[in-house]
Amino acid sequence: MTRERIKTGIGVIVLAIAQNVFADELIHRFGNPSFSGINQSAHYLTIDEQERTRSDAKAEEVQEALDDAERKADSTVLAKFLRNLESRIYSTLAKDISESLFNYGYTPTTGNPIAGEISLEGNILRWINDGSTITLIIEEWFDGVVVSTTEIIIPIGSFGGCWVDCDSESG
């Protein structure tokens, strides 16, 4: 008898619960906009922004590492010595060219000018001193082709460096 009572009690409880249950149609919806199409463009833009941000961060890290390595290489004792030596060599070269331009040991004339030429890092510097003017010609070369030519004409008397008496010529 007790077993029957238990079965009857369970049956009554199941019927009571079953009456309060409502059923609905099952609809599957994708949560990912790539599959559903809802807000798909915004989803793609977000993905693109994340990828671009990561890519930019990696590129920035690489550039910072390269810059740091370059700074370390430039700050070595050898690099400092080479920069100082190069500066002194260029300074001496500029002094020698200047002395050659304004060579006071020899009086240049139109028929017998002082001239010179030097090749510097693939570029050519030419000068001609005819006693009244100094013409400086600078040719910039790239891959065997003249890229640009600059010509500077310097009147000698205006610098106070006359080979002959400047007053006697003007007077």
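The values are calculated or read from the model by the stated rules, or taken from the named source; none is laboratory data. The structure presented is a predicted model; accordingly, all values stated were derived computationally and were not measured. For neighbour counting, all protein chains shown are included, and Cβ atoms are generated from backbone atoms with ideal geometry for every residue, glycine included.
Listed here are the residues, each with its yes/no results for (1) of a type in the set (A, V, I, L, M, F, W, C); (2) surrounded by 10 or more Cβ atoms within 10 Å (Cβ to Cβ); (3) not in a helix (DSSP H, G or I).
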residue: HIS43; (1), (2), (3): no, yes, no
residue: ARG52; (1), (2), (3): no, yes, no
residue: SER55; (1), (2), (3): no, yes, no
residue: ARG71; (1), (2), (3): no, no, no
residue: LEU78; (1), (2), (3): yes, no, no
residue: LEU85; (1), (2), (3): yes, yes, no
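Tell me, yes or no, whether segment 104-118 has at least one residue that is modelled with pLDDT under 85 and at positive phi. There is no residue in segment 104-118 that is modelled with pLDDT under 85 and at positive phi. Considering each residue of segment 97-112 in turn, none proves to be of a type outside the set (S, T, N, Q) and assigned to a strand (DSSP E or B). Of all the numbered requirements in (1) modelled with pLDDT under 80; (2) surrounded by 10 or more Cβ atoms within 10 Å (Cβ to Cβ), GLU64 misses one, and that requirement is (1).
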